[in-house]
Amino acid sequence: MADQDAQSPVGSEPPALPVLRWDELPEGPVLVLLDQTRLPVEEVELVCTDVPALVRAIRTLAVRGAPLLGIAGGYGVALAAARGYDVAEAAGLLERARPTAVNLGYGVRRVAAAYGAAAEKGVGAAEAAAVALAEARALHREDAQASRRMAEYGTALLEELLPGRGYQLLTHCNTGALVSGGEGTAFAVALRVHRQGRLRRLWVDETRPLLQGARLTAYEAARSGMAYSLLTDSAAGSLFAAGEVDAVLIGADRIAADGSVANKVGSYPLAVLAKYHHVPFIVVAPTTTVDMDTAEGTSIIVEQRSGQEVTELTSPQVASAGGGGGMVVAPLGSPAYNPAFDITPPELITAIVTEEGVISPVTGVGLAELCARSSQVTIS
């Protein structure tokens, strides 16, 4: 288990992560991404000159995380428009890149709709492309603002549930600045607690098989000077049994209308453990993650990934190149079950924290009422 106890001095913050940006080059506009498959070893930028390149980056997890996928999808539509490609075709390619993350489709549709509305007014191609880019940038700003509000609501909720104390928080997968236009979702709450001097320990699940916790959350925690410890996913139960977890904080890739949450596989077992041990299980996600057209969790399409991610130990760079070439850890030809996500039902969730407020208890009615207050709720 890796431990880090050193904490950054108050007011001493690392520079913001350069996760995603639009750049105007002499040969044309591009979308520049921080290649997350190369972390934590090196910070390398990936330049996307067209939508197929961005789709590859999404599918290989070079860019990932529900809110950031929505932002990337929006910029992808703007990129197609600016470079004179078929915007409708580009939007279709982007929406199909990852089926579970609802934010991706939201960002794509929102920017495509802005482009279409401008085109219908008879403006030139360059002006319509500028409208699309402005909409993508607006989506980017809104997500950063949502991140700040979620952090505020989340820390207030922790104080309400566990007043006057420091916290040992358990998190799964990666939910920080690497998935957001701001400082993240669940991780942003932990980061705010850290800045208040109330984070005793951030327990970081490694998050098999692609190790987003070990590679990315530990990277962000170390970068922010947080006290954290890395653990194997299967070790979480022993932490609960020892009374070393005060609350669980996770993100979401899709929230169904009944309050069921799709998140990185391994989230559901944590919810069961938390329920048994009477530990708050808190989901932090923007309202763009809510899909009111999906009635219940059983209707969520769960992405199935290559079995080689399970039967081989390999670097994310090799996996992103198509798999294979890693160290074999199972008999040749072994079948593997490798869902990217699992579904946590609402009865196991203490609260859902959004930029519009907190839902607790988690019910379909409460979720609908909250989304009715938000202009960001997913639409078809």
Open item on the list: Can you report the number of residues in the range 19-34 which are open to solvent by less than 20 Å² (accessible area, probe 1.4 Å) and free of Cβ contacts under 8 Å to residues at least 40 places away in the same chain?
Closed with: 2
Task: Selection within the range 80-96 - closer than 12 Å to A112 by Cβ and in a helix (DSSP H, G or I) - done: A80, A81, V87, A88, E89, A90, A91, G92, L93, L94, E95
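Every residue, every condition in (1) at pLDDT below 95; (2) open to solvent by less than 30 Å² (accessible area, probe 1.4 Å); (3) aromatic (F, W, Y); (4) out of contact with any strand residue (DSSP E or B) (no Cβ under 9 Å at 6 or more places or on another chain), yes or no:
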site: S306; (1), (2), (3), (4): yes, no, no, yes
site: S315; (1), (2), (3), (4): yes, no, no, yes
site: G322; (1), (2), (3), (4): yes, no, no, yes
site: A336; (1), (2), (3), (4): no, no, no, yes
site: D342; (1), (2), (3), (4): no, yes, no, no
site: S380; (1), (2), (3), (4): yes, no, no, yes
Open item on the list: Can you tell me which condition L162 does not meet? The list is (1) of a type outside the set (S, T, Y); (2) free of Cβ contacts under 8 Å to residues at least 24 places away in the same chain; (3) surrounded by fewer than 17 Cβ atoms within 10 Å (Cβ to Cβ), and all the others hold.
Closed with: (2)
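Could you list all residues from the range 332-357 that are of a type in the set (A, V, I, L, M) and farther than 18 Å from T175 by Cα?
To start, the set of residues in the range 332-357 that are of a type in the set (A, V, I, L, M) comprises 332, 336, 340, 343, 348-349, 351-353.
Once the filter is applied, which keeps residues that are of a type in the set (A, V, I, L, M) and farther than 18 Å from T175 by Cα, the range 332-357 yields L332, A336, L348.
What is the residue count in the range 186-208 for residues that are in contact with a strand residue (DSSP E or B) (Cβ under 7 Å, 6 or more places away or on another chain), in a loop (DSSP other than H, G, I, E, B) and open to solvent by 10 Å² or more (accessible area, probe 1.4 Å)?
Pass one, the range 186-208, residues in contact with a strand residue (DSSP E or B) (Cβ under 7 Å, 6 or more places away or on another chain): 186-187, 189-190, 193, 198-207.
Imposing the further condition that a residue be in a loop (DSSP other than H, G, I, E, B) reduces the set to 198, 206-207.
So of that shortlist, the ones also open to solvent by 10 Å² or more (accessible area, probe 1.4 Å) come out as 198, 206.
Looking only at that region, the number is 2.
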Open item on the list: Checking the structure you have, find out if any residue of the range 65-74 is within 30 Å of P40 (Cβ to Cβ) and not in a helix (DSSP H, G or I).
Closed with: yes
Task: Close pairs from the range 118-135: first more than 19 Å from A72 (Cα to Cα), partner in a helix (DSSP H, G or I) and not hydrophobic (A, V, I, L, M, F, W, C), Cβ under 8 Å, at least 6 apart - done: A118/E127
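The values are calculated or read from the model by the stated rules, or taken from the named source; none is laboratory data. The structure presented is a predicted model; accordingly, all values stated were derived computationally and were not measured. Cβ atoms come from the backbone with ideal geometry, glycine included; neighbour counts cover every protein chain shown. For accessibility, only protein heavy atoms count, side chains too; no ligands or nucleic acids. Shrake-Rupley method; radii C 1.70, N 1.55, O 1.52, S 1.80 Å.
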